[in-house]
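Below is one structure; the comments refer to it alone.
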Amino acid sequence: MRIPSINLRHLSLAALLTLISGSLAIEAADEHDGPRMSTKREHPVKLSIPKPTRDIIVTKPIIIGKGEHRDFEGARLIAKGLGDGSQREGQRPVLALLRGASVSNLIIGKPGADGIYCVGDNLLKNVYFEDVGEDALTIKGGPVIWDGGGARKAEDKIVQMNHKGPFIGRNLIFEDFGRAVRGNGAKKHRNTPFKIELYHVRAVNGGSLVKITSKGSRAKLDDVVTWDVRNLVSKSNGAKSDQGEVYKY
């Protein structure tokens, strides 16, 4: 940053120091990169899950057909015989959304089994997870949009991406998790360019908000605030991130 070209002989020492300090402040602001750290300790948000309108016992995965929309009207789905909600592999999903399917206004109760599978071109509106099982969402095709709701108590991942996506999360709250969104780290996905976008997201007590470790992957974050989350974007192997208004407490 250059000091503006003026005749310095006509400035007092105090005026000159003010000019220099102002220029340095502007330069420091221009060089800012990454999350903004505040000295003010804001209070973390809490995920408020609506009281369920009714409970539905799910003994086999509910399939939402191609192009179908289903409004669950605030019901809580409780898995029975689909998995214990641990990190054990091989559990079955509570819901499976085929291409173009969408769901709204539902709660996945405990045990979460393997959550919801998304084949692609899916919208989830106001979807909550009381106690995440193996994963909350598994992305098997894109795009997938999760708009409204949130998840808590994920021993490992909330969103597992087995496809490049994109996955777009908006207006979400995450609590107590290992990784909120994870691009599959298996060897066969080392060149999968995962695309992740998070907008208007709040996260409390986690390991990494996003983890991407494959070539060409990119995460975009804007209007994101975290409390006691160790990493915003954990990345390697050329993965990149774009961060707008992001605050870390």
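Some points to look at:
- Residue in region 29-77 that is farthest from residue 120 (Cα to Cα), counting only those that are hydroxyl-bearing (Ser, Thr, Tyr) and modelled with pLDDT under 95: 39
- If you check 126, 105, 171, 205 for being farther than 22 Å from residue 232 by Cα, in a strand (DSSP E or B) and within 15 Å of the chain's Cα centre (by Cα), only one passes: 126.
- Failed condition for residue 142, given (1) surrounded by fewer than 18 Cβ atoms within 10 Å (Cβ to Cβ); (2) at pLDDT 95 or above; (3) part of a loop (DSSP other than H, G, I, E, B): (1)
- Among the residues listed as 151, 186, the single one being within 20 Å of residue 87 (Cα to Cα), of a type in the set (Gly, Ala, Ser) and modelled with pLDDT under 95: 186
The values are calculated or read from the model by the stated rules, or taken from the named source; none is laboratory data. Because the structure is predicted, anything quoted here is derived from the model rather than measured. Methodologically, a virtual Cβ is constructed for each residue, glycine included, from the backbone with ideal geometry; neighbour enumeration extends over all protein chains shown.
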